[in-house]
Amino acid sequence: DMGGHDTYMHKEIHEQAEAVDRVLRGRIDDRFSTVRLGGLNLDAREARQIRRVKILGCGTSYHAGMIGAQMIEELARIPADAEPASEFRYRNAVVDPDTLYVAVSQSGETYDVLAAVQELKRKGARVLGVVNVVGSAIAREADGGMYVHAGPEVCVVSTKCFTNTTVAFALLALHLGRTRDLSVSDGKRIIEGLRRLPGQIAEILEQEEEIRKLALQYAEARSMLFIGRVRGYPVAREASLKLKEVSYIHAEAYPASELKHGPLALIEPALPTVAIVPDDELLEKNRAALEEIKARSGPIMAVAHREQEKADHTIVVPKNENELDPILMGIPLQLLAYHTALALGRDIDKPRNLAKSVTVE
Ligand code: M6R
């Protein structure tokens, strides 16, 4: 049942405020400015002994993991990174007993992720699952974990599960942070930020008509470049994947900081750039990148917390805490991908060559 929407993708994009509300529900502990995550099966002593966090997932779940790794590193000050599970499996990675491994999967059935979990478990590692589908293979195989409670996602292209997974990682980062050295006041600040998310998501979705018009303007592009820096980079990666999957337009994501090391050669009027420009420590750096692109007549669409002069169009999103901004900044670009695909007459819920869960090698 699509509840009045023309596709599941559209329906699921619009369910995000509600979905985020669900992943937060019952987990916030105001007394200690932290969150309670009973299913982790990780006591405080164990949480303090973690020396590294390694997050494994595929596709969109990998991108959510990239955001999660940054949050864990920022809030808990534990070295963390994300890697495609499909790559990790084949490189005989060193399995370290002081590392917490986190497997991320919407379906909980992705074979590459499951196989990575099984290999890790066989070698005695501790593995948590961040999963949407309750009782799925990865959820059962893991030592503990969190459900992201996004509700069923039918469209092959993941939207609400991505958002909820990033929120779940914010909770994990806050929990690990407050078990270690994150202050009470920072804990409070993050909790307040988390509580603002559903309302801010609703505000972003209200801009759909404006985003639809932008999509019509850019739908003719043969290729698009997505850029972002640090917190904005995984957002650019995910937005680029969304656009390719659903519209079949070629898209490439690059760290804005790397432009001058190569991709600047591509900039010309026929290559639009979508830039993620949060109002954080890197704002001036990002502005300089926009200038470089503008100087070469590249069209620019910015997703930012305020109007960007160098951009031809800015989609203004509400500001949250710096650490939580990545949760919100990709949402308008889900709508951009959707409306581009609609304009091009694509099979939105079932893009060619793709399956909802990849349960084979
Ligand atoms: O079910 P999973 O989260 O493990 O799926 C992982 C990827 O196959 C999935 O995210 C894929 O990239 C989607 N088509 C993204 O829209």
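The values are calculated or read from the model by the stated rules, or taken from the named source; none is laboratory data. Computed from a predicted structure; not experimentally measured. Reconstructed Cβ throughout: ideal geometry from the backbone, glycine too, with neighbour counts over all protein chains shown. Note: accessible area is taken over every heavy atom of the protein model, side chains too, but ligands, DNA and RNA are not part of it. Shrake-Rupley method; radii C 1.70, N 1.55, O 1.52, S 1.80 Å.
One line per residue, one yes/no per condition, for (1) in contact with a helix residue (DSSP H, G or I) (Cβ under 7 Å, 6 or more places away or on another chain); (2) without any contact (Cβ under 8 Å) to a residue 12 or more places away in the chain; (3) more than 14 Å from the ligand (Cβ to nearest atom):
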{"site": "Gly298", "(1), (2), (3)": "no, no, yes"}
{"site": "Lys310", "(1), (2), (3)": "yes, no, yes"}
{"site": "Val316", "(1), (2), (3)": "no, no, yes"}
{"site": "Leu333", "(1), (2), (3)": "yes, no, no"}
{"site": "Leu354", "(1), (2), (3)": "yes, no, no"}
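Total residues in the range 97-116 satisfying the condition of being more than 11 Å from the ligand (Cβ to nearest atom) and without any contact (Cβ under 8 Å) to a residue 60 or more places away in the chain: the figure is 6.
When Arg180, Arg140 are checked against the criterion of being charged (D, E, K, R), touching a helix residue (DSSP H, G or I) at 6+ places or on another chain (Cβ under 7 Å) and over 19 Å from Glu15 (Cα atoms), Arg180 stands alone in meeting it. Highlighted here are the helices (runs of 4 or more DSSP H) found entirely within the range 126-205 that include at least 1 residues which are open to solvent by 10 Å² or more (accessible area, probe 1.4 Å) and within 16 Å of the ligand (Cβ to nearest atom): 137-141, 160-179.
Just need a number here: residues in the range 288-298 that are on the phi > 0 side of the Ramachandran plot and open to solvent by 70 Å² or more (accessible area, probe 1.4 Å). Explain how you work it out, then say what you get.
Narrowing the range 288-298 to residues on the phi > 0 side of the Ramachandran plot: 297.
Checking which are open to solvent by 70 Å² or more (accessible area, probe 1.4 Å) leaves us with none.
So the count comes out to 0.
With respect to Glu74, determine if the residue is within 17 Å of Ile327 (Cβ to Cβ), touching a Lys or Arg at 6+ places or on another chain (Cβ under 9 Å) and among the charged types (D, E, K, R). Spelling it out, Glu74 is indeed within 17 Å of Ile327 (Cβ to Cβ), touching a Lys or Arg at 6+ places or on another chain (Cβ under 9 Å) and among the charged types (D, E, K, R).
If Pro272 passes every condition in (1) touching a residue at least 40 places away in the same chain (Cβ under 8 Å); (2) touching a Lys or Arg at 6+ places or on another chain (Cβ under 7 Å) but one, which one does it miss? Of (1) touching a residue at least 40 places away in the same chain (Cβ under 8 Å); (2) touching a Lys or Arg at 6+ places or on another chain (Cβ under 7 Å), only one is false for Pro272: (2).
Residue count for the range 231-253 under the criterion of being touching a Pro at 6+ places or on another chain (Cβ under 8 Å), surrounded by fewer than 21 Cβ atoms within 10 Å (Cβ to Cβ) and not acidic (Asp, Glu): the result is 1.
Is it the case, given these coordinates, that Phe32 is away from the ligand (no atom under 16 Å from the Cβ), open to solvent by 10 Å² or more (accessible area, probe 1.4 Å) and of a type in the set (Phe, Trp, Tyr)? In short, yes. Residues that are of a type in the set (D, E, K, R), at pLDDT 95 or above and under 16 Å from Gly59 (Cβ atoms) were ranked within the range 88-125; the one that is surrounded by the fewest Cβ atoms within 10 Å (Cβ to Cβ) is Glu109.
A search for C-beta distances below 7 Å between a residue of the range 80-92 that is on the phi > 0 side of the Ramachandran plot and any residue that is surrounded by fewer than 18 Cβ atoms within 10 Å (Cβ to Cβ) and of a type in the set (A, V, I, L, M, F, W, C), counting only pairs 6+ apart in sequence or on different chains, returns nothing.
Looking at the structure I just gave you, is Val94 over 23 Å from Thr359 (Cβ atoms), more than 11 Å from the ligand (Cβ to nearest atom) and hydrophobic (A, V, I, L, M, F, W, C)? Please lay out each step first, then the result.
Values: over 23 Å from Thr359 (Cβ atoms): yes; more than 11 Å from the ligand (Cβ to nearest atom): yes; hydrophobic (A, V, I, L, M, F, W, C): yes.
Yes, satisfied.
The number of residues in the range 65-84 being within 16 Å of the ligand (Cβ to nearest atom), open to solvent by less than 10 Å² (accessible area, probe 1.4 Å) and in contact with a Gly (Cβ under 7 Å, 6 or more places away or on another chain) comes to 1. May I ask you to say which residue of Lys285, Lys213, Lys260 is open to solvent by 20 Å² or more (accessible area, probe 1.4 Å) and free of Cβ contacts under 8 Å to residues at least 24 places away in the same chain? Of Lys285, Lys213, Lys260, the one residue that is open to solvent by 20 Å² or more (accessible area, probe 1.4 Å) and free of Cβ contacts under 8 Å to residues at least 24 places away in the same chain is Lys213.
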